[in-house]
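Quick notes on the structure that follows.
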């Protein structure tokens, strides 16, 4: 019973973050799947996509309905993201993932601080 | 502008492709350009969609997606997501920006803690292996 309650609560938190901030729900979902369902890292990340996909579609629809989409910006950024995604997937095997994670965490903190200026 | 958009997207895509949440880094990077926070967040959502679909199909093919119990997460998540998204549309861009900043700092600190803990654990394990390798055979047998 506690497991289902934790899943529901985690889902509520992740969904709200994803809708309000336009992303970021994945971090919560992966942690939830790791800790509650005891899935391994790979399966947690893969399964999180199954949750994130409907969240992203629903959030995007709301942003479109409210007219907050700059289609030109979205198009060119998406081209970059798709190309970078392929390179990232290829690089994954060649780098020490923990070192990359540490660097990424520092970049996140700096990015977060930058948002205030 | 087009060059910057593709470049920023590429950088976030590389991080996303490595499975580390490219979306979380795309937002602060796009904030360097003259764009509203809501427009940035919408771009983040839309640019993530094609990658998400392809990755999900691939992971499903490799039997990495566990569908059991996931419904308990998806249904409440979608409901609160609509609420969050509607609330976000009615929130000032500066407030949203500050909230995203707080979120990034928290996630960054948490990830840094996890990766440092993992590195320390790995270092200890390596040290232990090295000590065991140099122990005399008599002691190894006794142990």
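The numbers here are math on the coordinates, done by the rules we state, and not lab data. Keep in mind that this is a model prediction, so the values were computed, not measured. Please note: Cβ atoms are built from the backbone with ideal geometry, for glycine as well, and neighbour counts cover all protein chains shown.
Compute the helix-to-body angle for B:71-89: its Cα long axis versus the longest principal axis of chain B, expressed 0 to 90° and rounded to tens.
50 degrees
Relative to the longest principal axis of the C-alpha atoms of chain B, give the angle of the C-alpha long axis of helix B:37-61, reported between 0 and 90° and rounded to the nearest 10°.
50 degrees
So for the pair residue B:114, residue A:61, with labels modelled 7 Å out along Cα→Cβ, what separation do we get in nm?
That separation, rounded to one decimal, is 3.0 nm.
If you consider only alpha-carbon coordinates, what radius of gyration and Dmax does the stretch B:1-67 have, in Å?
Rg and Dmax of the stretch B:1-67, Cα atoms, are 13.4, 42 Å.
Where the centre of each part is set by its Cα atoms, how far does the stretch B:2-69 sit from the stretch A:26-61, in angstrom?
14 Å
Taking square-rooted eigenvalues a ≥ b ≥ c of the alpha carbon gyration tensor, is chain A rounded, prolate or oblate, where a/c under 1.5 means rounded and, failing that, a/b exceeding b/c means prolate?
Since a/c reaches 1.5 but b/c is at least a/b, the shape of chain A is classed as oblate.
Rounded to the nearest 500 deg cm²/dmol, what is the calculated helix-only ellipticity per residue at 222 nm for the protein assembly as shown, with -39500 (n - 2.57) per DSSP H run of length n ≥ 4?
Numbers: 11 runs with 211 residues, N = 260.
Calculated from helices alone, the mean residue ellipticity at 222 nm is -28000 deg cm²/dmol.
Rounded to the nearest 0.05, what FRET efficiency do residue B:58 and residue A:100 give with R0 = 25 Å and r taken as the Cβ-Cβ distance? Could you check?
FRET efficiency, residue B:58 to residue A:100: 0.75.
Provide, for q = 0.10 Å⁻¹, the log10 of I(q)/I(0) from a solvent-free Debye sum over equal Cα point scatterers in chain B.
Taken in order of the listed q values, log10 I(q)/I(0) reads -0.56.
For the stretch A:1-69, taking Cα atoms only, what is the radius of gyration to one decimal and the Dmax to the nearest whole Å?
Answer for the stretch A:1-69, Rg first and Dmax second: 12.8, 41 Å.
With a/c under 1.5 counting as rounded, go ahead and sort the stretch A:70-117 into rounded, prolate or oblate using the C-alpha gyration tensor (a ≥ b ≥ c being the square roots of the eigenvalues; past the cut-off, prolate if a/b is larger than b/c, else oblate).
oblate
Between A:58, A:28, A:107, where does the largest GNM mean-square fluctuation fall for chain A, given springs only between Cα atoms within less than 10 Å?
Maximum among the listed residues: A:107.
Distances longer than 35 Å among the Cα atoms of the protein assembly as shown: what percent of all pairs is that?
Numbers: 5856 of 33670 pairs.
When every Cα pair of the protein assembly as shown is considered, 17 percent fall beyond 35 Å.
Just report the Cα centroid separation between the stretch B:76-92 and the stretch A:66-84, whole Å.
Their Cα centres are 21 Å away from one another.
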